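The values are calculated or read from the model by the stated rules, or taken from the named source; none is laboratory data. Please read all numbers here as calculations on a predicted model, not as lab measurements. Neighbour counts run over all protein chains shown; Cβ positions are idealised from the backbone, glycine included.
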């Protein structure tokens, strides 16, 4: 089956202020609000000596913007702009520009990974309390969340 329309770069436009490209973010971010993700980020992630004064300002909502963008498929800083298109501003407040998010992310050091892991750990518990994400967690659950990635070599790893 062939399309009767020849696509040109200017043949499609997303310029209506009432259209929403990622409506699926609404239940995800509602759940994040109900499990107090932004509060966890505000409590646990700290930038004490920023290189740029504005880099650490409004840290929690900026990180929430990054998380929402990643849920929408963003894989680079420029993709964060997706959250500011069309009617997305009617669904979400405090969505930051890609350049603002980039300024924040440049402030991060390796030590911030530990802080983010702490947020992840507590948010997973909050999600488990709010949803049936891990049924039976009250009995026992092992969740291996590790940010350390490195190649492993040697004969000892062959049988594992």
Practice task
Can you confirm whether the stretch 146-154 contains a residue that is at pLDDT below 75, part of a helix (DSSP H, G or I) and surrounded by fewer than 17 Cβ atoms within 10 Å (Cβ to Cβ)?
Solution key: no
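So for the stretch 47-54 (the condition being closer than 29 Å to residue 144 by Cβ and either in contact (Cβ under 8 Å) with a residue 40 or more places away in the chain or in contact with a helix residue (DSSP H, G or I) (Cβ under 7 Å, 6 or more places away or on another chain) (or both)), does at least one residue qualify?
Within the stretch 47-54, one or more residues are closer than 29 Å to residue 144 by Cβ and either in contact (Cβ under 8 Å) with a residue 40 or more places away in the chain or in contact with a helix residue (DSSP H, G or I) (Cβ under 7 Å, 6 or more places away or on another chain) (or both).
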Problem - Single residue of 83, 120 found to be in a helix (DSSP H, G or I) and at pLDDT 90 or above - result: 120
Practice task
Any residue in the stretch 9-27 that's on the phi < 0 side of the Ramachandran plot and surrounded by 10 or more Cβ atoms within 10 Å (Cβ to Cβ): show its pairings with residues that are at pLDDT 85 or above and in a loop (DSSP other than H, G, I, E, B) at Cβ separation under 9 Å, as long as the two are six or more apart or on different chains.
Solution key: 21/72; 22/72; 22/73; 24/72; 25/72
Practice task
Among the residues of the stretch 103-114, write down those that are surrounded by fewer than 17 Cβ atoms within 10 Å (Cβ to Cβ), in a helix (DSSP H, G or I) and under 16 Å from the mean Cα position of the chain (by Cα).
Solution key: 105, 112, 113
Handout entry: From the options 48, 35, residue that is more than 11 Å from the chain's Cα centre (by Cα), at pLDDT 85 or above and more than 19 Å from residue 125 (Cα to Cα)
Key = 48
